[in-house]
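J.: Sharing a structure below in structure tokens format, with a few things to ask.
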Amino acid sequence: MKTKFTVTDFKKYKKEGKKFSFVTAYDYTMASIINESNCEIILVGDSLGMVMLGYTSTTSVTMDDIIHHTKPVVKGAPDTFVISDMPFGSYNTSVEKAVENANRLIKETGCDCVKLEGGEEIIDTIKAIINGGIAVVGHIGLTPQRATQLGGFKVQGSTPESAKNLIETAVLLEKAGVIAIVLECVPSVVAKRITESVSIPVLGIGAGKYVDCQVLVTQDLLGMYNDFKPKFVKRFAQIRNEMIKGLNQFHDETLNGEFPTPEYSFNKEVELDRLY
Ligand code: KIV
């Protein structure tokens, strides 16, 4: 059994230069599989909109969706640190509403921490949630909830000005008290500079190898989700093919009568004559 990663491990790992990994989950079975793996952290990301609910973007995901999916993940992964994503619309109306929604995530799901996308524009919100006693992970670079404003799912920080802005935002987030920062889709050299500029871990997704931790969507890395594959996704397994193979074998054995054999049947003799 692994020892559960804690809030204090984020800084400790950074200080000791120790890498770690984190992946997504949205249901009990996947959470329990990840719990048996060596991955330290699970994110119940709003990517559940695409991966589990078939939406075309994350913006339709609601607080109820995230709560519904975080609860079984917390149950399935008792030895893994669980972060729950604050969905679009749950923290952009007022600071009070954001704190209320962060409280709901913690109280109703038992997750360890919440994650919010954005920088300076939500800094007061982040501070208010932290002041309320909740650990927060930031998320900068490509922030999918603002993809329309950003002009699509594009690499961020590719000009010196925007790179400088990202570095300053990371420093600002650290000062505000976040325990780590997700950095999505930025050039490796910029990610390296950001990683060197803060004393909290930078959790990279599409941010190259110089960050403190790598993040991927589980269904991407295991080869389950097929709608599209971002450049930064490496397939570490081909589970979709294995699943289709298993399903087809079940189908074929059903049709040709090979399944079920006595091994998979209840074989007790029953005197059916006495039924009448
Ligand atoms: O929702 C999500 O899965 C995320 C990761 C891509 C970091 O935010």
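The values are calculated or read from the model by the stated rules, or taken from the named source; none is laboratory data. In this text, all values refer to a predicted model and were calculated from it rather than measured experimentally. Don't worry about glycine lacking a Cβ; one is built from the backbone with ideal geometry, like all the others, and counts go over all protein chains shown. SASA here: full protein model, heavy atoms, side chains in, ligands and nucleic acids out. Shrake-Rupley method; radii C 1.70, N 1.55, O 1.52, S 1.80 Å.
J.: Please go through the stretch 223-274 and pick out each residue that is in a loop (DSSP other than H, G, I, E, B) and of a type in the set (Phe, Trp, Tyr).
T.: Tyr225, Phe228, Phe232, Phe236, Phe259, Phe266
J.: Now for a separate question. What number of residues in the stretch 137-177 are more than 14 Å from the ligand (Cβ to nearest atom), in contact (Cβ under 8 Å) with a residue 12 or more places away in the chain, under 16 Å from Tyr91 (Cβ atoms) and out of contact with any helix residue (DSSP H, G or I) (no Cβ under 6 Å at 6 or more places or on another chain)?
T.: 1
J.: Taking the condition surrounded by fewer than 19 Cβ atoms within 10 Å (Cβ to Cβ) and modelled with pLDDT under 95, does Leu150 pass?
T.: In short, yes.
J.: Could you tell me whether any residue of the stretch 4-15 is farther than 23 Å from Thr148 by Cα, open to solvent by less than 20 Å² (accessible area, probe 1.4 Å) and at pLDDT 95 or above?
T.: Yes, the conditions are met somewhere in the stretch 4-15.
J.: Kindly check whether there is at least one residue in the stretch 61-69 that is assigned by TED's automatic domain parsing to the domain that holds Glu36, among the hydroxyl-bearing types (Ser, Thr, Tyr), within 15 Å of the ligand (Cβ to nearest atom) and within 25 Å of Gly151 (Cα to Cα).
T.: yes
J.: Same structure, new question: Quickly run through the stretch 180-197 and pick out the residues that are aliphatic (A, V, I, L, M) and either crowded, with 21+ Cβ neighbours inside 10 Å or closer than 22 Å to Phe236 by Cα (or both).
T.: Once the filter is applied, which keeps residues that are aliphatic (A, V, I, L, M) and either crowded, with 21+ Cβ neighbours inside 10 Å or closer than 22 Å to Phe236 by Cα (or both), the stretch 180-197 yields Ala180, Ile181, Val182, Leu183, Val186, Val190, Ala191, Ile194.
J.: Could I ask something else about it? Within the stretch 122-136, identify whether any single residue is in contact (Cβ under 8 Å) with a residue 40 or more places away in the chain, touching an Asp or Glu at 6+ places or on another chain (Cβ under 6 Å), crowded, with 24+ Cβ neighbours inside 10 Å and of a type outside the set (S, T, N, Q), and answer yes or no.
T.: no
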